[in-house]
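To start, the structure itself, in structure tokens.
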Amino acid sequence: MKEVTVLGAGLAGSECAWQLAKRGIKVRLYEMKPVKMTPAHKSPYFAELVCSNSLRSDELSNAVGLLKAEMRKMGSLIMESADKNRVAAGGALAVDREGFARYITEKLTECDNIEIISEEATDFPDGELVVATGPLTSDALAEKLETLCDSAGLHFYDAVAPIVTLDSVDMDSAFFASRYDKGTADYVNCPMDESEYKAFRKELCSAKEAAVHGFDDGGVFEGCMPVEVMARRGEDTLRYGPLKPVGLKDPRTGRENYAVVQLRRDNADGTIYNMVGFQTHLTWGEQKRVFSMIPALKNAEFVRYGVMHRNTYLNSPRLLDKYYRLKAEPRISFAGQMTGVEGYVESAASGMLVGIETAARLLELPPADFPQETAIGALGLYISGGSVGDFQPMNINFGIITPLGYRVKGKRNKNAEISARSLAIIDEIMKKEVFGYENNS
């Protein structure tokens, strides 16, 4: 029996292991939790969602919605769990994070073709290998990684948003609504008037930050920018970012507020909510002091404060091919956020591609070869062919997918046609022999 070692049971590693196993490949899946935990992880389960509990838009007019649709068609374990553990979030796909991770853990643990090894991997073993240890790669393995990749290893910093209990939110100062009334009213909206916002921003700009070795504002990827860093960029930066009031009419006045902090449900019971876009690395005391200036959160109970940690990712265009294989040593593939894909869904998609293509190679079958007309293929081609000199992590977007080649009136209509083309291509790819090996686990 063919065998592959997968290091890391995050989103990418879990999806990769599943795709390999159901094609009859034996998988040795290393996961150091719960024996050893990182500063950002709290749960013993696989595929833990460290930051937000949202997998973003589920609409086909959005590129991440297309990527999810492709993955669903191809039998993604991550998408299966997300759909089964969905919580209300308007037009977005948000999940009960514990139920989501527990479902994936149980599926992988029960799979006959997967051997779970609960220990820290400190070296790269011989044989076929997928490294999916994520941006929180342990120090021991990160040192091996730097040796393997010379000076191509890059670092940026990521921050996590706080979580509050719903019953501690002052609902006299807040209201339920979804932006533009999309879907059901699933978000708790905490408005501020102009004077409240300016006082809040002033304190946010001067609040004490937790000590993080080597941190500077310039070392943070835009998609993970701490709220206090955004506040320092300008008076209205937050009002055009996580505090934007656009599309949120206050039912008490019928008008939009000056600024709005949104809270999104974080569990199926709806008892705890996370502060949307409020990644932070303020000290815990300062988080309590400053965030309590938001009128609806004046008595908020914080069940988790925000934290910051160092993330590691590769200069992938220099190192990897379109299958996420190491050019210098093709037996080694990488998957997940460390490759430069940004986002939960993108990380899982990279693991899916690696699993499918690795299985095809080991079974001596033609590769799936996802083209740039598909979201999953476009992402792999960006990772392997993006700018080497100034490579930055990337969310899936229609800008990296091959254009239609003809005009379509309206952005949503154009994106919908791109999505329809992509899903038709996925249907054709799924006729390839490598997809006939499913359910062999």
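The values are calculated or read from the model by the stated rules, or taken from the named source; none is laboratory data. These numbers come from a predicted model, not from an experiment. As a convention, Cβ positions derive from the backbone with ideal geometry for all residues, glycine included, and neighbour counts pool all protein chains shown. Only protein heavy atoms, including side chains, enter the accessible area calculation; ligands, DNA and RNA are left aside. Shrake-Rupley method; radii C 1.70, N 1.55, O 1.52, S 1.80 Å.
Here are a few things to note about the model shown:
- Taking every protein chain into account, the 1.4 Å probe leaves ILE116 with about 50 Å² of accessible area, to the nearest ten.
- Carbon and sulfur %, accessible surface of the chain computed with the full protein complex present, 1.4 Å: 49
- For the range 1-147, the Cβ-based charge dipole about the Cα centre amounts to some 500 debye (Lys, Arg positive; Asp, Glu negative; other atoms uncharged).
- Near the amide H of ARG56, within less than 5 Å, lie the amide hydrogens of LEU93, all on another chain or at least 5 residues away, with H placed in the peptide plane.
- A cut-off of 5 Å between modelled amide H atoms, ignoring neighbours fewer than 5 places along the same chain, links PHE176 with ASN189.
- Mean Cβ count within 10 Å, highest first, over the residues of peptides 232-240, 321-329, 159-167: 159-167, 321-329, 232-240
- Relative contact order [Cα under 8 Å, 6+ residues apart], the range 273-371, whole percent: 16
- Once the C-beta distance of LYS327 and GLU146 is scaled by a Förster radius of 22 Å, the resulting FRET efficiency is 0.85 to the nearest 0.05.
- Bridging of LYS198 to lysines at a Cα separation below 22 Å is possible for LYS208, LYS244, LYS249, LYS288, LYS298, once same-chain residues fewer than 8 apart are set aside.
- Which of SER206, GLY355, SER43, positive extreme of dipole for the chain (C-beta unit charges): SER206
- The residues of the chain expose, per residue, 40 Å² of accessible area to a 1.4 Å probe.
- Degrees, to the nearest 10: 344-362 long Cα axis against longest axis of the chain: 0
- Under 5 Å between amide hydrogens, built in the peptide plane, is the criterion, and for ALA259 it picks out MET192 among residues at least 5 positions away or on other chains.
- About the Cα centre, charge dipole magnitude for the chain (Lys/Arg +1, Asp/Glu -1 at Cβ), debye: 1080
- Coordinate range along principal axes, alpha carbons of the range 1-56, Å, largest first: 37, 30, 12
- Relative contact order (percent, whole number), the chain, Cα cutoff 8 Å, 6+ residue spacing: 23
- Rounded to 10°, Cα long-axis angle of helix 139-148 versus longest principal axis of the chain: 50
- Here the sum of -39500 (n - 2.57) over DSSP H runs of 4 or more residues, divided by the residues of the chain, equals -9500 deg cm²/dmol at 222 nm, to the nearest 500.
- Taking 0.36 nm per residue of sequence separation and removing the Cα-Cα distance, the ARG412/ASN395 pair yields an extension gain of 4.3 nm.
- With all protein chains modelled, accessible area of LEU66 [1.4 Å, Å²]: 0
- Length gained when the stretch CYS205-ALA268 is fully extended (0.36 nm per residue, less Cα-Cα span): 19.3 nm
- Distance histogram for the chain (every C-alpha pair counted, 20 angstrom bins, percent rounded to whole numbers): 26, 57, 17, 0
- When the pairs LYS22/LYS68; LYS68/LYS322; LYS42/LYS73; LYS68/LYS107; LYS73/LYS411; LYS182/LYS202 are compared against a 22 Å limit on Cα-Cα distance, LYS42/LYS73; LYS73/LYS411; LYS182/LYS202 fall above it.
- Rel. contact order, % - alpha carbon contacts under 8 angstrom, at least six apart, the range 273-314: 47
- Evaluating 6.51 cos²θ - 1.76 cosθ + 1.60 at θ = phi - 60° for every residue in the range 113-128, the Karplus couplings come out as 8, 10, 9, 8, 10, 8, 7, 6, 7, 10, 8, 8, x, 5, x, 5 Hz, glycine and proline recorded as x.
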